[in-house]
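Engineer: Attaching a single structure in structure tokens format; questions to follow.
The values are calculated or read from the model by the stated rules, or taken from the named source; none is laboratory data. Everything numeric here is computed off the predicted structure, so don't read it as measured data. Positions of Cβ are backbone-derived with ideal geometry, glycine not excepted, and every protein chain shown enters the neighbour counts.
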């Protein structure tokens, strides 16, 4: 490595001068020697520091002396700041410039460019402000000049040479510029006056008006009915209102087989008479003409122009099942080749059992075959589907399983798709059953076996992609009018039929984005606000101590666990009661389908007085002999309330609905009834209330 000679700070100046007078030294070496000599002379002439004379003389630490060589490694310079400073001083004294690195050169270039840009911007600013300054100066001079009297002639200015005028103008301009600059620094408000009188043009222009906010006004609130109709198809907006009191006669002695103008045939009339049907209900009189119209569009199994879809909202117990089951069986009696042409989708297995029994009775004496999906094993259902059925009643989950795994099961021949309890099915995914079902209705590929294609696809293959001929029929007591859910069904020119009285037409739709619902006119509604601890006592009072104790009662709870606890309470009280006891049973999803069927059969025969259930039985189940419906736990929304109380007052019979509302729930329950225009129809029981 490099070595740097050092010298003693206390050495004599002569020794330092000896370094400087080294013979044969070059100019840089001589300059370094002279620098060392000056440093030694200054240290020798400097006065001693305080306390230096008291102690013994201690030799000062040796200071570095720059030798004759200037080739010092950069790492040494970076590690020793004093050495770097000494080397820089030596280079400066010797007139040797320090080498510039690339980074240093970039920095200097950037600095130079910034200076140029800054000076250029300043020049542009000054040139732009120069006319304004001249204008302000001229206006100031004109304002300060003395005004001559009215009768005094103007004083003529002496003639001056052009050169003198220009010189004086330039000098006055420079002086006025300096004076204006100083005045602008001295008082800022003076600029406002100068700007105001800058030019006659600016003074003549009127001041611009300031922007302001608009005056406050009342906000337009649109009608609730108009908001509910936004995004709906035209058929749903222009609903057909049917009076629930409307009836149609079913004459069994008519020779031509016409029942109130509907071509159902004498065989179907006998089947309806066996079911106890004597009159057509309001929903049936509205739906049957659309599905049994005597024209080419309806009578042809695969018409050239598909029929319009249909959405029906009718009260519970109004005969919706027969409204679509009768026309489907009548239209399918003339089929030649068996294939799945009618599909009914239901949310629960209990409803599948009930609807399947209705179809079996109507199809008696015809070649039509039915099948249920969701009641038995998967293998037995797949075997039944392979035997060419005409009508399939299924739950959505099991339907998707067979579409994915059962070979030979196709919906290419499907003519009617019935979605019963549509609001509940559309609110739940069930393995994305709706997109999977709609995909199965699309025409098959052209290279597919032509034996599984419906005649409609074969006729339209030449024109390109076929159009499904499936007519969708939606039924529910609380049919949704949510545009998003309606759009998911891909309805085709849908008609909307609502069975409700004229008094209910003015209410606002408040169930799940403007749902539509109706309740039987023969239904009596009651409510009691009680404390949570008093609810069992109120129930026992209604069952035992009233003048007319409640019998044939269907009690709804909020969960299966609540049903089990309430059943144990009633059984314990019945065992301790001295008088006639009330028989109670539970109907819940914990029971097997066979046990649930047995419990329902006993309840229909009158062997059970109180049937305790959750909301499992509130959807579509036909219990014709229920006189009272009691909601032990208040429903959380209007849809649950409608389906619960709809288990009574069915098919024109009378019935009562009782609701036990806890004190903390009373406010929300009354608000729900008021929004649905049912508050005035609900009778309060003050004898059971504390407030």
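Engineer: Filter the range 364-378 down to the residues that are more than 41 Å from the chain's Cα centre (by Cα) and outside any loop (DSSP other than H, G, I, E, B) and list them by number.
Structural biologist: 370 - this is the single residue of the range 364-378 that is more than 41 Å from the chain's Cα centre (by Cα) and outside any loop (DSSP other than H, G, I, E, B).
Engineer: Run down 650, 675, 596 and say which single residue is touching a residue at least 60 places away in the same chain (Cβ under 8 Å), surrounded by 13 or more Cβ atoms within 10 Å (Cβ to Cβ) and within 37 Å of the chain's Cα centre (by Cα).
Structural biologist: 675
Engineer: Output the number of the condition that residue 388 fails; it satisfies all remaining conditions of (1) modelled with pLDDT under 90; (2) under 30 Å from the mean Cα position of the chain (by Cα).
Structural biologist: For residue 388, the failing item is (2).
Engineer: Right, here's the next one. I need a count of the residues in the range 615-636 that are within 19 Å of residue 550 (Cα to Cα) and modelled with pLDDT of 85 or more.
Structural biologist: 9
A quick yes/no check of all residues on (1) touching a helix residue (DSSP H, G or I) at 6+ places or on another chain (Cβ under 9 Å); (2) modelled with pLDDT of 80 or more:
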{"position": "224", "(1), (2)": "no, no"}
{"position": "254", "(1), (2)": "yes, no"}
{"position": "282", "(1), (2)": "no, yes"}
{"position": "293", "(1), (2)": "yes, no"}
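Conditions tested, residue by residue: (1) under 26 Å from residue 649 (Cα atoms); (2) surrounded by 15 or more Cβ atoms within 10 Å (Cβ to Cβ); (3) at pLDDT 95 or above.
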| position | (1), (2), (3) |
| --- | --- |
| 495 | no, yes, no |
| 500 | yes, yes, no |
| 503 | yes, no, no |
| 509 | yes, yes, no |
| 517 | yes, yes, no |
| 521 | yes, yes, no |
| 535 | yes, yes, no |
| 574 | no, yes, no |
| 579 | no, no, no |
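Engineer: Tell me which residues, restricted to the range 343-363, are assigned to a loop (DSSP other than H, G, I, E, B) and under 17 Å from residue 331 (Cβ atoms).
Structural biologist: Answer for the range 343-363, where residues must be assigned to a loop (DSSP other than H, G, I, E, B) and under 17 Å from residue 331 (Cβ atoms): just 363.
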